[in-house]
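Taking it in order: structure first as structure tokens, then the write-up.
Every number in this text was worked out from the coordinates using simple rules, so none of it is lab data. Note that the structure is predicted; figures quoted are calculated from it, not measured. In this analysis, Cβ positions are derived from the backbone assuming ideal geometry, glycine residues included, and neighbour counts consider all displayed protein chains.
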Amino acid sequence: MKKVFVFDHPLIQHKLALIRDENTGAKEFRELVEELAMLMAYEVTRDLPLEEVEIKTPIGPCKARMISGKKIGIVPILRAGLGMVNGLLKLIPAAKVGHIGLYRDPETLKPVEYYCKLPQDVHERDLIILDPMLATGGSATMAVDYLKERGASSIKLMCLIAAPEGIEAVHSKHPDVDIYTAAVDERLNDHGYIVPGLGDAGDRLFGTK
Ligand code: PRP
Ligand code: URA
């Protein structure tokens, strides 16, 4: 209950420093976000069950272990979560992808829903929500609410930078959701941005500012 995994791997910390840098442009930012998601997927999938299989190498029979038919769902929160999807799909190509569209009202900082399309069997899947930024936690909490309303019971949240306020908000309502992040930053500023963070993740990914 209430688990937060912070990745201290040097490759992850190096790439995180690069995406924080204001001089990193959209092309490099996109590539790095995808790479970070791929590296973090290694840990997020650590508890996938394995089953023994019998295969034949060119030398002879071999008992090996493979992932035992577990169904995974990846759920990016639009827009910025999209930048992490391919990193996970490269490692888990059979995963289905659902999308939840939320934007933060700049005045209230509350999430507003504008799109939701999920795999039909979402309740049977182990779900990984993707969003680079966990700020107030409003968007992630609403995404978890949605998934649970549709019957999901196994949900993880993967972000790149989390604020303490966001972790607290998600875990106070959903203590069962493990949070995976590359960093926990200091705080939020008056506009709900993470300090020092990386700015607006959606704008930096898609070059909209
Ligand atoms: C950003 C970010 C998260 C949300 C985090 O999206 O990608 O979804 O803010 O903030 P919260 O924890 O306070 O809810 P934004 O609302 O800016 O939308 P966008 O991805 O479309 O730019
Ligand atoms: N959304 C972002 O993109 N960045 C923040 O720092 C907070 C919310």
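Structure summary
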read-out: Angle in degrees between helix 26-44 and the longest Cα principal axis of the chain, rounded to the nearest 10; value: 50 degrees
read-out: Kirkwood estimate for the range 67-169, i.e. one over the average of 1/r between Cα atoms, Å; value: 13.7 Å
read-out: GluC sites (Glu not before Pro) restricted to DSSP loop in the range 1-69 with at most 11 other C-beta within 10 Å; value: E22
read-out: The chain, helix-only ellipticity at 222 nm - DSSP H runs n ≥ 4, -39,500 (n - 2.57), divided by all residues, nearest 500; value: -10000 deg cm²/dmol
read-out: Antiparallel %, DSSP beta bridges [both residues in the chain], to 5; value: 40 percent
read-out: Coil-residue trypsin sites (Lys or Arg not before Pro) of the range 97-181, DSSP, other Cβ within 10 Å capped at 15; value: R150
read-out: Radius, Kirkwood style, for the chain when every pair of distinct Cα atoms is counted (Å); value: 17.6 Å
read-out: Angle in degrees between helix 138-149 and the longest Cα principal axis of the chain, rounded to the nearest 10; value: 40 degrees
read-out: Ranked list, fewest to most other Cβ atoms within 10 Å of each Cβ, for C62, C159; value: C62, C159
read-out: Of G83, G137, G25, the one that fluctuates the most in a GNM where the chain has Cα springs shorter than 10 Å; value: G25
read-out: FRET efficiency for K63 and N23, using Cβ-Cβ distance with R0 set to 45 Å, rounded to 0.05; value: 0.30
read-out: Nearest-ten-degree value, helix 10-20 long axis tilted from longest Cα axis of the chain; value: 30 degrees
